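Below is one structure; the comments refer to it alone.
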Amino acid sequence: MLWRTRTQKGAKLPSPRDVVAHAARTCLRVAWYGGGTRRVEVVTGVGQWYKSGWGLVAVRWVFVHDLSGTHRDEYFYGTDVGLSARQIVEEYTGRWNIETTFQDCRAYLGLETTRGWSRLTVLRAEPCLFGLYTVVALLYEQLPPMTHEDWQVLWLGKEKMAFSDAITAVRRWLWTDWVFATSDHDRAFAKLPEQLRELLLYALAPAA
């Protein structure tokens, strides 16, 4: 007969919030979102997380206070207690480029929206979409610098180019220099007033 054994949890540890309220903070300069660096204050400790079937799992937590004040205070957690506070913060902020890539691929290239019903279909379609993302980025880098500013979609608080700008610019370039430049379309497109042509390209390129 098998008997279930109870995990010995021991005395309850203070919560990270309680520790942070009284602990001394360490000042670090860490890699930050967007490839820059940032000065932050951190407090770190090791706690225990109980998972059914696994017992107690050691967890390192890191409290992060951004000294510039642009980001709210956060707690980061990791099950690799051998990592330092700096490593955990930089692992987290380093994920941002990956997450925005997935978001852009879904929003503008249809990632995860294909109607594939088999594993092989997914294995074919998804790498192609990520490849298309790379092609757009490479073509965008070949465009004239002035074109970047002309085709950038602006909104409040935006300071840098986004993937939406890149794909819009590439679409306009392909349409004007390739599609509408062919003998079958150049005459019809040239008959439109220049102001109307620009209006159509400005409106249709972001929405295509």
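Once the piece of chain linking C128 and K51 is laid out straight, how much longer is it, given 0.36 nm per residue of separation minus the C-alpha distance between them? Display every interim value, and only then the final one.
Numbers: separation 77, 0.36 × 77 = 27.72 nm, distance 3.85 nm.
Difference between extended and current length: 23.9 nm.
Could you work out how much longer the chain between V179 and L196 gets when fully extended? Use 0.36 nm per residue separation minus the Cα distance between them, nm to one decimal. Write out the running numbers ahead of the final one.
Details: separation 17, 0.36 × 17 = 6.12 nm, distance 1.74 nm.
Here the segment from V179 to L196 would lengthen by 4.4 nm.
Give the order of L120, L67 when sorted by the count of other beta carbons within 10 angstrom, beginning with the fewest.
Working: L120 8, L67 13.
Lowest to highest Cβ neighbour count: L120, L67.
Hey, can you grab everything whose amide H is under 5 Å from the amide H of W32? Only 5+ residues off in sequence or another chain; H modelled, so Pro and N-termini drop out.
T37, R38
Which ³J(HN,Hα) values, rounded to whole Hz and listed in residue order, are derived for region 62-67 from phi using the Karplus coefficients 6.51, -1.76 and 1.60 in 6.51 cos²θ - 1.76 cosθ + 1.60 with θ = phi - 60°, glycine and proline given as x?
The phi angles translate into 9, 8, 10, 10, 6, 5 Hz.
Figure the gain on full extension for W117 and A24 (residue separation times 0.36 nm, minus the Cα-Cα span) and round it to one decimal in nm. Walk me through the intermediate numbers first.
Working: separation 93, 0.36 × 93 = 33.48 nm, distance 5.45 nm.
Stretched out fully, the W117 to A24 stretch lengthens by 28.0 nm.
Could you calculate, for region 1-123, the ratio of the Cα radius of gyration to the Kirkwood radius, expressed as Rg to Rh? Walk me through the intermediate numbers first.
On the way: Rg = 19.9 Å, Rh = 17.8 Å.
Ratio value, two decimals: 1.12.
What FRET efficiency would be calculated for the residue pair L138, Y77, taking the C-beta separation as r and a Förster radius of 41 Å, to the nearest 0.05? Could the numbers behind the result be given before it?
Details: r = 37 Å, r/R0 = 0.91.
The computed FRET efficiency comes out at 0.65.
Using Cβ contacts closer than 10 Å as the measure, can you line up D104, D80 from fewest to most? Mind dumping the intermediate values first?
On the way: D104 18, D80 11.
Placing the least packed residue first, the sequence is D80, D104.
Report the label-to-label distance for T37 and K12 in nanometres (one decimal), using points 7 Å from each Cα along the Cα→Cβ vector.
4.2 nm
Work out how far the C-alpha atoms of region 20-59 reach from end to end along every principal axis, then list the three figures in whole Å, largest first.
Dimensions of region 20-59 along the principal axes of its Cα atoms: 41, 29, 11 Å.
Karplus couplings for region 123-135 from phi (6.51 cos²θ - 1.76 cosθ + 1.60, θ = phi - 60°), rounded to Hz, Gly and Pro as x?
Rounded to whole hertz, the list is 5, 8, 6, 5, x, 5, 5, 5, x, 5, 4, 5, 4.
Quick note: the coordinates plus some simple rules give every number you see, no bench work behind them. What you see is a predicted model, and the numbers here were worked out from it, not measured in a lab. Reconstructed Cβ throughout: ideal geometry from the backbone, glycine too, with neighbour counts over all protein chains shown.
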